[in-house]
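To keep things clear, I will list the structure first and then write my remarks on it.
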Amino acid sequence: MTIQVRYLSALRDQAGRREEAVELPEGSRLAELAEWLALQRGVRLPDPGLMATLNGRGWTQLPEGMDRTLASGDQVALFPVVGGG
Amino acid sequence: MSYTGGYLGKLLRVDLTTRSVRTEAIDPRLVSLLLGGRGLAAKYYYDEIPASVGALEEANKLFFFTGPLTGLPLPSTTKFQLATRSPETRRYLCSNCGGDFGPRLKMAGFDALIVEGQAADWTYLTITDGKVAFGDAGPWRGYSSTRTLEELKAAMGGGKIGALSIGPAGERLVRLSYINVDSRAFGRGGPGAVMGSKKLKGIAVRGTGKIPLADPVRAAEIQKAAVADLKVSRANHTKFGTPQYLEVINELGCMPTRNFQTAYFEGMSKIDAHAMYEHYLEKNYACYHCSVACGKTCVVREGPYAGARARTEFETIGLLGPNCGIDDFGAIIKANQLCDELGLDTISAGCAVGLAMELFERGLITTADTAGIEARFGRPEALHGLIELIAARQGIGDLLAEGMSGVREAHPEWSPYILDVKGMPPAAYDPRGFHGNGLTYGTSTRGACHNVGGWTIRAELQSGKYDRFALQGKGPLVKGLQDNRAYVDSLGMCTVVRGAVGFSDDPKGDIMKAATGYDFMPELMGIGERIYSLERVILNREGVRRKDDLLPERFTKEKLPDGPTKGRILTPQMYDVMLDEYYQVRGWDDQGVPTGETLRRLRVQELIA
C-alpha cells in the first residue's frame, strides 16, 4: 500500500525532499512507518521537537497510538513543533 | 515586599497639554500582586480611564510599562507593554512589544512612562535619563514611521537609544494604525491613532543608568545556559523565523484564504519559509539582548518590486498573502513595507483588504469606491492600492480606516463577510480547523488575537489530551494559556525564549530570584489569572458581556468548502459548549462577569476597591 508523506518546514531539509510516496506491506501500522522513516530518512519518532499528523490528526491523539493500522492513501505530515507567530 | 533587583520603583508622567512632567513612586504592594508590565498597566488603566473616555479623546492615556526583567542581562529582555483605550475595538487594549525602547527607558531610571493630554501642535518627546524635552514635530508631518525613527535618532545625536513613532496613518487617526518601536511594533488595536490624536509623532529615550540586578553571578549562569539551550531549541526560529509555520498551518487546513472563505492556499509553495530563505532573506534581526534573532529582513532583488524591504512575519505573510489571494512573495514584502511606512498594523490591514476584495467581487463595492482599482483577490496592484487608500482615508479606505466595528455600523448587511471579535480582526488561523483557537479569539482580552487569547494549536495537536475538533477540555486549556501569557507579558521577556528559563504553566527555576531577589515562581500562574480577571473587570465596565465573546458569522455558519478541513464548522451550539466550560473554570457567571467570590479569591477585589 502507498502512504503519502510530506516533510514540512525545516523537516524538508532533513529529509532532503518535500514529499514522497512510501510503499509499505498491507496491514502496516504507524510503528512500521516510524521505523521506515528512522531508517530511510533519519527522522526518529516520537521526538518532543517534532510533530506528526495522520490525515490531519496528531499521532499522539490517536486512540490506538503507534498501533494504528494504516490504509492505502493515508496522508502523513511531519514538521517541527509549532509555537505561534 | 522589597526587591533588590529588576525594579526602579518609579514612573515618569508626561502631560502634553500642560507640557508638565512629574515622577511618581510605584506602590510595591501593586508589584507584588501584578508583577509589572501588563499587570501594572492594567491597574493604572483601571484607575485612570473611566468607561466614558473615547479612544481618540484627550482624556485617553498611553501607559507604557516595563517588567522586572526588561533590560537585564538575561535572554531577550526586550519587552514592554502598552495599555490604552483602543481606537479599533473602542475598548481596553493591551499590547506587548520588543525593540530597544523598554530597556532604554529603564536605564533612564523609570519602570514606566505615562503620556496624557493633547499637544497643541505636532510634538516629539525626548527622554535623556531623568530629563524630558518637548520638540517640534511640525516639519515631520507626513513622514513615514521609519523616517521618523531616523529623525528621532538624529535629534538625540545618535548612539544607543530606543525610539517609537507613528506614520501618516496614525496622524490621520486611522483605527488600524500601529506604533513603530525600533522596527518592532505595538501592532494591534490602533494605538498609533491614539498618538495621532495627541499630536505626538514620536518618543526617543536614552538611558545611561544601571538597572539593579539581585544576583549577577547567578544571572550570568542562567544567561549562559539559556543561550546554549536556545541555540538548539530555537534553531528553526533562527533560520526561518515565524514564517516556518506557514506551510504547516496551510497543510493543517487553517490558513485564512481570500477573506477566510477557505483555509487552504494553493499557492503556498511560492511564499513559504523556504521561498523566503532562498530568494528574499537579507539578514537576521535581533531585539535587545536576544541570541535567537528571529526577525527576518527580506529584500526584493528584481522585478516590479525591486528594492522593497521589510521584516516579514508569519501573521503578516498570512494576512497580506493568502488572505488577499496573493502568491507573490515580492508583492507581500512590498505590502509589508507600505504598511510599515504608512504606519498600519499588517494583520488588521490584511483583513481589511481581504474584506474589500470580497465586497468588490460580490459587486457590493465598485471601482467608484476604490479609486479605479480592480480590487480582486490575487492582484498585487489591488493589495498595494487598497493599503494606500486606507492610510490616506480615501474612497472605501476611509470606511475601512474605521475598523471592522465601523464598517459593520455603516453596513450591517455586510456582516456575513466581516471577520472580527470585539472589533479586532483575527490572526492567521481559521478556528474551524482548531476549535480551541475559536475560544481563544472569543475570550482574548483584546479581541480576535492569538497571543493574548492563548495559542492552542500545539496543545490541540501534540499534547495527547485534546483533539483539535473536540470541544470538551478547551476551557481549561485556553484559561491556562491565557494566564501563562498574562504573566509572561508582565515580565519584560520575549515569549520565544521563555521555555529556556522555566516560564511555563508550571514555572520552575530561580531566574526571578536572581533578577529581583524574590522568588516569584510559585505565584506566577496565580498572578497571570489575577491579571486576566482584572482585565475582564475593565472590559465588563466597558460593556462587554457574553454577546461580545461570540465569533463572526463566517466561522459559525459556513462550512469550509475545500482543503484538508473541508466540511468543518464551529456552530454557535458547539462554541457555547466551550464558552460555558471556560466561564466555569474562570469563575465567571454565564454572562462572562467574574463572581464576587472569584474577585476575592484572586485578590482582584483589593485592586478595584
Would you check if there is a residue in region B:65-87 being part of a helix (DSSP H, G or I) and crowded, with 18+ Cβ neighbours inside 10 Å? no
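Does region B:552-560 contain any residue that is assigned to a loop (DSSP other than H, G, I, E, B) and within 14 Å of chain A (Cβ to nearest Cβ)?
Within region B:552-560, the first condition is being assigned to a loop (DSSP other than H, G, I, E, B), and the residues that meet it are B:552, B:558-560.
With the extra rule that they be within 14 Å of chain A (Cβ to nearest Cβ), the set shrinks to B:560.
Yes, region B:552-560 contains at least one residue that is assigned to a loop (DSSP other than H, G, I, E, B) and within 14 Å of chain A (Cβ to nearest Cβ).
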I'm checking my understanding of the structure. Among residues of region B:210-232 that are of a type outside the set (A, V, I, L, M) and assigned to a helix (DSSP H, G or I), which one is surrounded by the fewest Cβ atoms within 10 Å (Cβ to Cβ)? B:224
Lone qualifier among B:197, B:177 - being of a type in the set (S, T, N, Q) and crowded, with 22+ Cβ neighbours inside 10 Å: B:177
Of the listed residues (B:579, B:539, B:570), the one being more than 30 Å from residue B:5 (Cα to Cα), of a type in the set (A, V, I, L, M, F, W, C) and not in a helix (DSSP H, G or I) is B:570
Within region A:36-70, residues more than 28 Å from residue B:313 (Cα to Cα), away from chain B (no Cβ under 14 Å) and buried (at least 16 other Cβ atoms within 10 Å of the Cβ) come out as A:36, A:37, A:41, A:70
Consider only pairs whose beta carbons are under 7 Å apart and that are at least six residues apart or on different chains; among these, list those whose first residue lies in region B:282-299 and is free of Cβ contacts under 8 Å to residues at least 40 places away in the same chain and whose second residue is polar (S, T, N, Q). B:282/B:297; B:283/B:297; B:298/B:312
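Results for (1) outside any loop (DSSP other than H, G, I, E, B); (2) within 14 Å of another protein chain (Cβ to nearest Cβ); (3) of a type outside the set (Val, Ile, Thr), shown as yes or no for each residue.
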site	(1), (2), (3)
B:399	yes, no, yes
B:415	yes, no, yes
B:427	no, yes, yes
B:449	no, yes, yes
B:452	no, yes, no
B:455	no, yes, yes
B:465	no, yes, yes
In region B:233-276, anything farther than 21 Å from residue A:50 by Cβ, of a type in the set (Val, Ile, Thr) and outside any loop (DSSP other than H, G, I, E, B) is listed as B:257, B:262
Which pairs have Cβ atoms under 8 Å, sit 6 or more apart or on different chains, and link a residue in region B:136-150 that is under 13 Å from residue B:169 (Cα atoms) and of a type in the set (Asp, Glu) to one that is in a helix (DSSP H, G or I) and modelled with pLDDT of 95 or more? none
Qualifying positions in region B:498-523 - part of a helix (DSSP H, G or I) and either within 17 Å of residue B:66 (Cβ to Cβ) or in contact with a strand residue (DSSP E or B) (Cβ under 9 Å, 6 or more places away or on another chain) (or both): B:498, B:511, B:512, B:515, B:516
Of the conditions (1) at the interface with chain B (Cβ under 10 Å from one of its Cβ atoms); (2) assigned to a loop (DSSP other than H, G, I, E, B); (3) modelled with pLDDT of 90 or more, residue A:73 satisfies every one except a single condition; which number is it? (1)
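The values are calculated or read from the model by the stated rules, or taken from the named source; none is laboratory data. Only a predicted model underlies this, so the values are computations on that prediction, with no experimental measurement involved. Glycine gets a Cβ as well: all are built from the backbone with ideal geometry, and neighbour counts include every protein chain shown.
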